[in-house]
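K.L.:
Can you read through this structure? Questions will come right after.
The values are calculated or read from the model by the stated rules, or taken from the named source; none is laboratory data. The structure presented is a predicted model; accordingly, all values stated were derived computationally and were not measured. No Cβ is skipped: glycine too gets one built from the backbone with ideal geometry, and neighbour counts run over all protein chains shown. Protein only, heavy atoms only, side chains kept; ligands, DNA and RNA dropped before computing areas. Shrake-Rupley method; radii C 1.70, N 1.55, O 1.52, S 1.80 Å.
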Amino acid sequence: MLGHYDPYLVALSVVVASFGGYVALDLASHARDAGRGRNGWLGAAALALGAGIWSMHFIGMMAMRMPVPVSYDILLTALSFLLAVGVSGTGLFAVAHGGGGRTTLAAAGLLTGFGIVSMHYVGMAGMRLPVPLVYDTLLVVASVVIAVAASTAALWLAFRTASPLQRLSGALVLGAAVVSMHYVGMAAASGAENAVGHTAGPNAAAGDDLGFVLSTPSLAVGTGIGTLLILSLGLLSVLIDRRRSAERAAGQEARYRAVVDSAVDPIVVIDETGTIQSFNRAAETTFGYGAEEAVGANVRILMAEPHHSAHDGYMAHFRETGERRIIGVGREVEGRRKDGSLFPLELSVAEWHDGRQRLFTGIMRDITARKAAEDALHRAKAEAERAREEALAARDNAERADMAKTKFLAAASHDLRQPVQSLFFFAHALSDRLDGHPASPLLASMSESLNGLRTLLDSLLDVSRLDAGVVTPAVTEFALGPLLQRLADEYRGRAAEVGIALRYVPTEGWTRSDPALVERILRNLVENAIRYTESGRILIGCRRTGNSLRVEVLDTGIGIPEDKHDEVFVEFAQLANPERDRRKGLGLGLAIVRRLAGLLGHEVTLRSRPGRGSAFGLTVPSVAPRQVMKTCRPAPQSGAQSPANGGKGLVVVVDDDAIILLSMRTMLEEWGYEVVAAVSADEAVGTLTSLGQRPDMIVADYRLREGRTGLQAIRDIYGVCGVRVPALVLTGDTDPARIAEVQQSGHRLLHKPVAPEVLRSALTSAA
């Protein structure tokens, strides 16, 4: 170019270029970190970079002092400004949204570089000179290379700088590169030789209405000052926004610290290398480290083996592969305190980014108390299991003891009943022969004692049978009136003997139950009332309660204290018989009542006041009464003769006890029966075979010699008779298995000692 440069304006162009580059880099860096308004800050950065480059170019052109007048085309000058801003913005937005890869950066740098070159040469074309401009090709190429390199460097620096010092260094590099490109481009242009005085060329200024002529220094200084002011405003805006962002960040940090420090669980933040970045107060309390000790240290200080040694390897594996092993997964680990002690921890880890690096937040919970509670629960469960096993063992022992008791009662009952049975039979036989004899009173006393012994054995047998569960109720519908009437008639005379009035209130109620067992319950209640009532009266009656009937036995006896109501139903419990007077019973009657009621599903109630009497009640279901046909059958006379043999019939008696066999034969013959007495089935079969006569009844003891049973003896006799004849089985054995076996055979079972009248009734009914 013709002329020379103004050094002050050249210096101003360098300042404008460098300052514009710094502001552009600062705005781009802020756009990178800004969460909101990112595109706006990128636009401001593009404007700053374009304005700085264009202003530097315009000031640089006006720094040239030429001997000819110079003017500028307004449209081309404006177009050059738009090119500067547009291509700068295009490059910045491409890199910001394209990820900053090498390909994107190279394309954006090339585009921006050519835009700057275009801006420069369009601006040069806007100059109005009296001589034409000629460009040196090599210098033009050099200016293009410098522009592209400067643009690429500028875009790379825009998204890589982190500190003001880095941005200042980048701005100086960018400013120097843009200035170099400009002045190389200026040097590439020159005027034609001997053009002065010739007719103006295309760039001539005279007569150009679209051009303007100003004092070159004034225009350059004004442009520079205006650009610097605009850039300063941009820089001030980003500084204000940074301050506000810092204040917001400080507020968020304060809230975050308040939340984290007030958390009851330890919260620790680490970076990708495992370095602790944050350590809240709960972590200080839990691990024993202060925050100033923990922050900056490796998180391994909080870990026990094997996690302590494996941590660095895990972090390296994560950085290389990105594979997550514990992220987002809660698990139990073992922590280590500052003093080296270990404790159980529950740990969950979350991954997050702060815009510059990857961080991990670990939320932990000391579960020492929970583990202790779990251990205590496990111990309690183990103790409960042991207690359960001990209870089961105790139950088994109790069951074995109960079975042993049952077996003992069965054995003792059998052994006791054998001699008692023979005494009964002999006493009855003697009573018939000693009628009116002076020894009759002694025999009567002996019979009374035998009756007491029989009552004791019968009560023990009842309890044993109920405990054994071999009593099966035969449930049917029946009228309560006849049953209560019969009991009243039976016990009225006995009550009168002791001065007690017994009264029965008639009822037409019907129930569904086992009549024999219900009768046994009521019989025990009546006997108990007579036994413990010294004077007054006893009332037997029935009242309706909803869908049930309650049969009651009321007395004016001694009464029972309320705290003893449950005790009277326990075996052998007698509240008013400390001397154990046998006449007042054995204490088994009410125990049998409760067992029988439970077996039938009926409720037994008791109301009583000491000195005022007692009221025992049995609640049974109520059913509709039925019409019953009344039939009469004359009872068999004791002296009636059998048409077959002239007597009551032939009875076969099988018992291996000679005394029992003799006493029973004597008693049966006194009753008018013909008797075949045998100690075994073979003997009975032989006698019957020799007689050639079929028996009318078989009476067999259950236990016979050589391990045989009365059931087998009965079957043997059936074999020779060819028909099934009525049979009775006598036993003193209370073993539930034995009782069940006889009941299943279909034969009637009588327990020793059998009262003579019971045996006579059984023989009569069986016949």
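K.L.:
All but one of (1) modelled with pLDDT of 65 or more; (2) buried (at least 17 other Cβ atoms within 10 Å of the Cβ); (3) hydrophobic (A, V, I, L, M, F, W, C); (4) out of contact with any Asp or Glu (no Cβ under 6 Å at 6 or more places or on another chain) hold for L650; which doesn't?
P.N.:
So L650 meets the others, but not (4).
K.L.:
Hey, can you tell me all the residues within segment 156-190 that are assigned to a helix (DSSP H, G or I), hydrophobic (A, V, I, L, M, F, W, C) and at pLDDT below 70? Explain how you work it out, then say what you get.
P.N.:
So the first thing to find is which residues in segment 156-190 are assigned to a helix (DSSP H, G or I), and the list is 156-158, 164-188.
Of the ones still in play, those that are also hydrophobic (A, V, I, L, M, F, W, C) are 156-158, 165, 168, 171-174, 176-179, 181, 184, 186-188.
The answer is L157, A158.
K.L.:
Whether any residue in segment 509-518 is in contact with a Ser or Thr (Cβ under 9 Å, 6 or more places away or on another chain), closer than 15 Å to E603 by Cβ and among the acidic types (D, E) is what I want to check.
P.N.:
No; the residues of segment 509-518 include none that is in contact with a Ser or Thr (Cβ under 9 Å, 6 or more places away or on another chain), closer than 15 Å to E603 by Cβ and among the acidic types (D, E).
K.L.:
Could you run through segment 1-14 and say how many residues are open to solvent by 80 Å² or more (accessible area, probe 1.4 Å) and either modelled with pLDDT of 80 or more or in contact with a Phe, Trp or Tyr (Cβ under 6 Å, 6 or more places away or on another chain) (or both)?
P.N.:
The number of residues fulfilling the criteria is 2.
K.L.:
For segment 73-107, enumerate the residues that are aliphatic (A, V, I, L, M) and either in contact with an Asp or Glu (Cβ under 7 Å, 6 or more places away or on another chain) or modelled with pLDDT under 70 (or both). So that I can check it myself, show each step before the final result.
P.N.:
First, the residues of segment 73-107 that are aliphatic (A, V, I, L, M): 74-76, 78-79, 82-85, 87, 92, 94-96, 105-107.
Those that are aliphatic (A, V, I, L, M) and either in contact with an Asp or Glu (Cβ under 7 Å, 6 or more places away or on another chain) or modelled with pLDDT under 70 (or both): V95, A96.
K.L.:
Considering segment 222-281 alone, what residues qualify as being within 30 Å of I59 (Cβ to Cβ) and basic (K, R)? I'd like the intermediate steps shown before the answer.
P.N.:
Let us first name the residues in segment 222-281 that are within 30 Å of I59 (Cβ to Cβ), namely 222-242.
Listed by number, the list holds a single entry, R242.
K.L.:
Continuing with the same structure: Of L668, L691, L704, which residue is within 20 Å of A737 (Cβ to Cβ) and more than 60 Å from the chain's Cα centre (by Cα)? Working first, answer last.
P.N.:
Details: L668 fails: within 20 Å of A737 (Cβ to Cβ); L691 fails: within 20 Å of A737 (Cβ to Cβ).
After ruling out the rest, the residue left standing is L704.
K.L.:
Something else about it: Since H120 meets every condition but one in (1) surrounded by fewer than 20 Cβ atoms within 10 Å (Cβ to Cβ); (2) modelled with pLDDT of 75 or more, which condition does it not meet?
P.N.:
(1)
K.L.:
Which ones in segment 492-531 are in a loop (DSSP other than H, G, I, E, B), out of contact with any Cys (no Cβ under 7 Å at 6 or more places or on another chain) and more than 15 Å from G598 (Cα to Cα)? Lay out the reasoning, then the answer.
P.N.:
First pass over segment 492-531, keeping only residues in a loop (DSSP other than H, G, I, E, B): 498-499, 505-509, 514.
Retained after the next criterion (residues that are out of contact with any Cys (no Cβ under 7 Å at 6 or more places or on another chain)): 498-499, 505-506, 508, 514.
Matches in segment 492-531: V498, G499, V505, P506, E508.
K.L.:
Now for a separate question. Report every pair of residues separated by at least 6 positions or lying on different chains whose Cβ atoms are under 9 Å apart, first residue within segment 703-730 and within 18 Å of L661 (Cα to Cα), second aromatic (F, W, Y).
P.N.:
Here the result reads T709/Y702; G710/Y702; L711/Y702; A727/Y718; V729/Y702; L730/Y702, each pair linking segment 703-730 to a residue that is aromatic (F, W, Y).
K.L.:
While we're here: Consider only pairs whose beta carbons are under 8 Å apart and that are at least six residues apart or on different chains; among these, list those whose first residue lies in segment 471-482 and is modelled with pLDDT under 80 and whose second residue is part of a loop (DSSP other than H, G, I, E, B) and open to solvent by less than 60 Å² (accessible area, probe 1.4 Å).
P.N.:
Going by the 8 Å Cβ cut-off, the qualifying pairs are P473/D514; A474/D514; V475/D514; T476/D514.
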